[in-house]
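The values are calculated or read from the model by the stated rules, or taken from the named source; none is laboratory data. These numbers were taken from a predicted model, which means no experiment stands behind them. Cβ sites come from the backbone with ideal geometry, for glycine too, and all protein chains shown count toward neighbours. The accessibility values were calculated without ligands, DNA or RNA, using every heavy atom of the protein model including side chains. Shrake-Rupley method; radii C 1.70, N 1.55, O 1.52, S 1.80 Å.
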Amino acid sequence: MRAERAASWDEIGQACGMTRQGATRRWSKSVHAASFGSAAGAYHRGRPTYPVSAVQWVVPRAARRVLDLGAGTGKFTELLVGAGLEVVAVEPSAQMRAQIAVGAEILAGTGEQVPLPDASVDAVVCAQAWHWVDPVRAVPEVARVLRPGGTVSLVWNVRDHEEPWVARLDDVLHRHTRQEIDTAPVLGVPFGPAERTEIRWRHTLSRRDLLDMVSSRSYVIVLPEPERREILDDVTELLDRQGFGDRIVMPYVTRCSRFRVIR
(Lines give C-alpha, C1' and ligand atoms only; values in the text may rest on other atoms or scores of the structure.)
Protein backbone atom coordinates (compact mmCIF):
# COMPACT_ATOMS: atom_id res chain seq x y z
CA MET A 1 0.00 0.00 0.00
CA ARG A 2 1.32 3.44 -0.78
CA ALA A 3 0.23 7.01 -1.20
CA GLU A 4 0.08 8.34 -4.75
CA ARG A 5 -0.31 11.88 -6.01
CA ALA A 6 -3.06 12.79 -8.44
CA ALA A 7 -2.05 12.31 -12.06
CA SER A 8 -1.53 15.30 -14.32
CA TRP A 9 -3.52 15.57 -17.56
CA ASP A 10 -0.39 14.68 -19.53
CA GLU A 11 0.05 11.52 -17.45
CA ILE A 12 -3.61 10.66 -17.81
CA GLY A 13 -3.33 10.96 -21.57
CA GLN A 14 -0.24 8.76 -21.63
CA ALA A 15 -1.90 6.18 -19.39
CA CYS A 16 -4.84 5.93 -21.74
CA GLY A 17 -2.73 5.76 -24.87
CA MET A 18 -3.46 9.31 -26.04
CA THR A 19 -1.29 10.91 -28.66
CA ARG A 20 -0.49 14.59 -29.08
CA GLN A 21 -1.54 14.54 -32.72
CA GLY A 22 -5.13 15.22 -31.70
CA ALA A 23 -8.21 13.48 -33.01
CA THR A 24 -10.66 13.92 -35.84
CA ARG A 25 -13.76 13.27 -33.71
CA ARG A 26 -14.88 14.69 -30.42
CA TRP A 27 -15.42 12.26 -27.56
CA SER A 28 -18.92 12.41 -26.06
CA LYS A 29 -19.60 10.80 -22.67
CA SER A 30 -23.31 10.27 -23.35
CA VAL A 31 -22.86 8.85 -26.86
CA HIS A 32 -19.91 6.64 -26.02
CA ALA A 33 -21.38 5.39 -22.72
CA ALA A 34 -24.52 4.23 -24.52
CA SER A 35 -22.59 2.33 -27.19
CA PHE A 36 -21.53 -0.76 -25.25
CA GLY A 37 -24.76 -2.75 -25.49
CA SER A 38 -24.31 -3.39 -29.19
CA ALA A 39 -20.85 -4.88 -28.52
CA ALA A 40 -21.58 -6.73 -25.26
CA GLY A 41 -20.40 -10.09 -26.61
CA ALA A 42 -17.13 -8.70 -27.94
CA TYR A 43 -16.66 -6.80 -24.67
CA HIS A 44 -17.00 -9.97 -22.61
CA ARG A 45 -14.68 -11.98 -24.86
CA GLY A 46 -12.03 -9.34 -25.35
CA ARG A 47 -11.75 -7.41 -22.11
CA PRO A 48 -9.24 -8.71 -19.57
CA THR A 49 -10.04 -9.93 -16.11
CA TYR A 50 -8.23 -8.38 -13.11
CA PRO A 51 -5.48 -9.74 -10.87
CA VAL A 52 -6.79 -11.50 -7.78
CA SER A 53 -4.50 -9.31 -5.68
CA ALA A 54 -6.60 -6.32 -6.78
CA VAL A 55 -9.68 -7.88 -5.17
CA GLN A 56 -7.73 -8.50 -1.98
CA TRP A 57 -6.61 -4.86 -1.91
CA VAL A 58 -9.86 -3.08 -2.81
CA VAL A 59 -12.24 -5.04 -0.55
CA PRO A 60 -11.63 -4.78 3.21
CA ARG A 61 -11.19 -8.12 4.93
CA ALA A 62 -14.24 -7.53 7.17
CA ALA A 63 -16.58 -6.78 4.23
CA ARG A 64 -19.30 -9.30 3.48
CA ARG A 65 -21.78 -7.62 1.10
CA VAL A 66 -20.25 -5.77 -1.84
CA LEU A 67 -21.76 -3.66 -4.63
CA ASP A 68 -20.11 -4.00 -8.05
CA LEU A 69 -21.16 -0.69 -9.59
CA GLY A 70 -21.09 -0.46 -13.38
CA ALA A 71 -20.50 -4.21 -13.48
CA GLY A 72 -20.45 -4.43 -17.27
CA THR A 73 -20.34 -8.09 -18.29
CA GLY A 74 -19.22 -9.23 -14.85
CA LYS A 75 -15.43 -9.36 -15.16
CA PHE A 76 -14.86 -8.05 -11.63
CA THR A 77 -18.14 -9.53 -10.35
CA GLU A 78 -16.83 -13.02 -11.01
CA LEU A 79 -13.73 -12.38 -8.89
CA LEU A 80 -15.80 -10.94 -6.03
CA VAL A 81 -18.09 -13.97 -6.03
CA GLY A 82 -15.05 -16.25 -6.21
CA ALA A 83 -13.72 -14.56 -3.06
CA GLY A 84 -16.79 -15.76 -1.17
CA LEU A 85 -18.52 -12.36 -0.98
CA GLU A 86 -22.22 -11.62 -1.27
CA VAL A 87 -22.29 -9.50 -4.43
CA VAL A 88 -24.84 -7.13 -5.95
CA ALA A 89 -23.99 -6.23 -9.56
CA VAL A 90 -25.54 -2.99 -10.86
CA GLU A 91 -25.28 -2.19 -14.57
CA PRO A 92 -27.38 0.13 -16.80
CA SER A 93 -27.12 -1.88 -20.05
CA ALA A 94 -29.48 -4.85 -20.42
CA GLN A 95 -27.19 -6.42 -23.05
CA MET A 96 -24.21 -6.16 -20.71
CA ARG A 97 -26.18 -7.55 -17.74
CA ALA A 98 -27.16 -10.54 -19.87
CA GLN A 99 -23.48 -11.52 -20.08
CA ILE A 100 -23.08 -11.79 -16.30
CA ALA A 101 -23.07 -15.51 -15.53
CA VAL A 102 -22.02 -15.72 -11.88
CA GLY A 103 -23.84 -16.06 -8.58
CA ALA A 104 -24.61 -12.43 -7.90
CA GLU A 105 -27.78 -10.41 -7.53
CA ILE A 106 -28.03 -8.47 -10.81
CA LEU A 107 -29.90 -5.16 -10.96
CA ALA A 108 -30.43 -2.36 -13.45
CA GLY A 109 -29.11 0.96 -12.22
CA THR A 110 -26.44 3.64 -12.50
CA GLY A 111 -23.90 5.36 -10.30
CA GLU A 112 -26.30 8.26 -9.96
CA GLN A 113 -29.28 6.03 -9.07
CA VAL A 114 -28.31 2.89 -7.19
CA PRO A 115 -31.32 0.60 -6.59
CA LEU A 116 -30.34 -0.32 -3.01
CA PRO A 117 -31.48 0.85 0.43
CA ASP A 118 -29.44 3.14 2.63
CA ALA A 119 -26.48 1.58 4.46
CA SER A 120 -26.95 -1.81 2.75
CA VAL A 121 -23.40 -2.75 1.63
CA ASP A 122 -20.00 -2.89 3.30
CA ALA A 123 -18.03 -1.91 0.21
CA VAL A 124 -18.51 -0.59 -3.31
CA VAL A 125 -16.22 -1.48 -6.20
CA CYS A 126 -16.36 0.36 -9.52
CA ALA A 127 -14.09 -1.30 -12.07
CA GLN A 128 -13.47 0.38 -15.43
CA ALA A 129 -16.62 2.50 -15.02
CA TRP A 130 -16.19 5.55 -12.76
CA HIS A 131 -15.26 7.79 -15.70
CA TRP A 132 -18.80 7.27 -17.08
CA VAL A 133 -20.61 8.68 -14.02
CA ASP A 134 -21.40 12.22 -12.92
CA PRO A 135 -19.36 12.41 -9.69
CA VAL A 136 -21.42 15.30 -8.32
CA ARG A 137 -24.42 12.94 -8.15
CA ALA A 138 -22.64 9.61 -7.81
CA VAL A 139 -20.46 10.44 -4.78
CA PRO A 140 -23.37 11.10 -2.38
CA GLU A 141 -25.32 8.18 -3.87
CA VAL A 142 -22.46 5.75 -3.26
CA ALA A 143 -22.03 7.14 0.26
CA ARG A 144 -25.77 6.62 0.87
CA VAL A 145 -25.67 2.85 0.26
CA LEU A 146 -22.50 2.29 2.31
CA ARG A 147 -22.61 1.27 5.94
CA PRO A 148 -20.65 3.41 8.44
CA GLY A 149 -16.93 3.00 7.84
CA GLY A 150 -17.53 1.43 4.42
CA THR A 151 -15.23 1.86 1.44
CA VAL A 152 -15.51 2.61 -2.26
CA SER A 153 -12.73 1.44 -4.56
CA LEU A 154 -12.18 2.57 -8.14
CA VAL A 155 -10.24 0.29 -10.48
CA TRP A 156 -8.87 0.66 -14.00
CA ASN A 157 -6.95 -1.76 -16.19
CA VAL A 158 -4.52 0.31 -18.27
CA ARG A 159 -2.42 -1.18 -21.06
CA ASP A 160 1.26 -0.78 -20.23
CA HIS A 161 2.74 1.50 -22.87
CA GLU A 162 6.29 0.97 -21.70
CA GLU A 163 6.30 -1.87 -24.23
CA PRO A 164 6.75 -0.24 -27.66
CA TRP A 165 4.30 -2.47 -29.55
CA VAL A 166 1.56 -1.62 -27.04
CA ALA A 167 2.23 2.10 -27.56
CA ARG A 168 1.96 1.57 -31.33
CA LEU A 169 -1.29 -0.34 -30.83
CA ASP A 170 -2.80 2.57 -28.95
CA ASP A 171 -1.68 5.03 -31.61
CA VAL A 172 -3.83 2.99 -34.00
CA LEU A 173 -6.79 2.79 -31.61
CA HIS A 174 -6.86 6.51 -30.85
CA ARG A 175 -6.43 7.67 -34.41
CA HIS A 176 -9.91 9.25 -34.53
CA THR A 177 -10.94 9.99 -30.96
CA ARG A 178 -9.31 11.00 -27.70
CA GLN A 179 -10.78 9.98 -24.36
CA GLU A 180 -9.15 11.42 -21.28
CA ILE A 181 -9.59 9.32 -18.13
CA ASP A 182 -8.46 10.40 -14.68
CA THR A 183 -7.32 7.16 -13.06
CA ALA A 184 -6.43 8.95 -9.82
CA PRO A 185 -9.62 10.86 -8.94
CA VAL A 186 -10.41 12.64 -5.68
CA LEU A 187 -13.92 12.03 -4.32
CA GLY A 188 -14.18 14.54 -1.50
CA VAL A 189 -16.73 14.67 1.34
CA PRO A 190 -17.93 12.38 2.85
CA PHE A 191 -14.93 10.30 1.84
CA GLY A 192 -11.45 10.60 3.26
CA PRO A 193 -8.19 10.82 1.31
CA ALA A 194 -7.37 8.21 -1.29
CA GLU A 195 -5.13 5.23 -0.78
CA ARG A 196 -3.67 4.08 -4.09
CA THR A 197 -1.77 1.16 -5.49
CA GLU A 198 -0.68 -0.18 -8.89
CA ILE A 199 -0.41 -3.85 -9.87
CA ARG A 200 1.59 -4.82 -12.94
CA TRP A 201 0.61 -8.08 -14.57
CA ARG A 202 0.24 -9.82 -17.94
CA HIS A 203 -2.90 -11.09 -19.63
CA THR A 204 -2.68 -13.87 -22.21
CA LEU A 205 -5.26 -13.75 -24.98
CA SER A 206 -5.85 -15.01 -28.50
CA ARG A 207 -5.70 -12.87 -31.63
CA ARG A 208 -9.50 -12.99 -31.86
CA ASP A 209 -9.78 -11.89 -28.23
CA LEU A 210 -7.52 -8.92 -28.91
CA LEU A 211 -9.59 -7.90 -31.93
CA ASP A 212 -12.72 -8.22 -29.77
CA MET A 213 -11.05 -5.97 -27.21
CA VAL A 214 -10.46 -3.40 -29.95
CA SER A 215 -14.01 -3.77 -31.30
CA SER A 216 -15.48 -3.22 -27.84
CA ARG A 217 -13.83 0.16 -27.23
CA SER A 218 -16.51 2.83 -27.26
CA TYR A 219 -14.52 5.08 -29.58
CA VAL A 220 -14.29 2.20 -32.09
CA ILE A 221 -17.92 1.09 -31.74
CA VAL A 222 -19.25 4.50 -32.78
CA LEU A 223 -17.07 4.83 -35.89
CA PRO A 224 -18.56 4.45 -39.37
CA GLU A 225 -17.98 0.91 -40.63
CA PRO A 226 -15.21 1.80 -43.14
CA GLU A 227 -13.12 3.51 -40.44
CA ARG A 228 -13.84 0.77 -37.93
CA ARG A 229 -12.71 -1.87 -40.43
CA GLU A 230 -9.58 0.15 -41.20
CA ILE A 231 -8.60 0.14 -37.53
CA LEU A 232 -9.14 -3.61 -37.22
CA ASP A 233 -7.10 -4.22 -40.38
CA ASP A 234 -4.29 -2.01 -39.09
CA VAL A 235 -4.27 -3.84 -35.75
CA THR A 236 -4.04 -7.15 -37.60
CA GLU A 237 -1.13 -5.79 -39.64
CA LEU A 238 0.62 -4.64 -36.45
CA LEU A 239 0.24 -8.10 -34.91
CA ASP A 240 1.66 -9.66 -38.07
CA ARG A 241 4.66 -7.31 -38.01
CA GLN A 242 5.30 -8.24 -34.39
CA GLY A 243 5.31 -11.90 -35.38
CA PHE A 244 2.41 -12.78 -33.07
CA GLY A 245 0.53 -15.99 -33.74
CA ASP A 246 -2.60 -16.89 -31.78
CA ARG A 247 -1.07 -16.32 -28.33
CA ILE A 248 -0.53 -12.72 -27.33
CA VAL A 249 0.66 -11.48 -23.95
CA MET A 250 -0.67 -8.02 -23.10
CA PRO A 251 1.01 -6.12 -20.24
CA TYR A 252 -1.36 -4.23 -17.94
CA VAL A 253 -1.17 -1.89 -14.99
CA THR A 254 -4.20 -2.15 -12.70
CA ARG A 255 -4.66 1.17 -10.91
CA CYS A 256 -6.69 1.07 -7.71
CA SER A 257 -7.96 3.88 -5.48
CA ARG A 258 -9.68 3.22 -2.14
CA PHE A 259 -11.70 5.72 -0.09
CA ARG A 260 -13.35 5.30 3.32
CA VAL A 261 -16.51 7.04 4.49
CA ILE A 262 -15.58 9.44 7.31
CA ARG A 263 -19.00 10.85 8.23
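Work from the charge dipole of the range 183-263 (Cβ charges, +1 for Lys and Arg, -1 for Asp and Glu, about the Cα centre) and give the residue of LEU239, VAL261, PRO251 farthest towards its positive end.
VAL261
Tell me, what HN-Hα J-couplings in whole Hz come from the Karplus equation 6.51 cos²θ - 1.76 cosθ + 1.60 at θ = phi - 60° for each residue of the range 140-157, using x for Gly and Pro?
Each residue of the range 140-157 in turn: x, 5, 5, 4, 4, 7, 7, 6, x, x, x, 10, 10, 10, 10, 10, 9, 8 Hz.
Quick one: dipole size for the range 68-219, taken about the Cα centre, charges +1 on Lys/Arg Cβ and -1 on Asp/Glu Cβ, in debye to the nearest 20.
380
Please state, rounded to one decimal and in Å, the Kirkwood hydrodynamic radius that the range 158-223 gives when every pair of distinct Cα atoms enters the mean of 1/r.
14.7
Along the Cα→Cβ direction, 7 angstrom out, place labels at ILE262 and GLU112. What is the inter-label distance in nm?
Rounded to a tenth, the inter-label distance reads 2.8 nm.
Kirkwood hydrodynamic radius for the range 65-148: how many Å is it when counted over pairs of different Cα atoms?
Kirkwood hydrodynamic radius for the range 65-148: 12.4 Å.
Give me the one-decimal nm value for the distance between modelled label points at GLU230 and TRP165, 7 Å along each residue's Cα-to-Cβ direction.
2.5
List every residue whose amide H lies under 5 Å from the amide H of ILE181, counting only residues 5 or more places away in sequence or on a different chain, with H placed 1.01 Å from N in the peptide plane.
none
Relative contact order of the range 65-156, please, whole-number percent, based on alpha carbon pairs below 8 angstrom and at least 6 residues apart.
30
I need the per residue convex hull volume for the range 89-237, using only the alpha carbons, in cubic angstrom as a whole number.
In the range 89-237, the Cα convex hull volume per residue is 149 Å³.
Counting only heavy atoms of the protein chains, get the accessible area per residue of the range 188-263 (1.4 Å probe) and round it to a whole Å² value.
Averaged over the residues of the range 188-263, the accessible area is 47 Å².
For VAL102 paired with GLU198, estimate the spin-label separation in nm (one decimal), with each label point 7 Å from Cα along the Cα-to-Cβ line.
Rounded to a tenth, the inter-label distance reads 2.6 nm.
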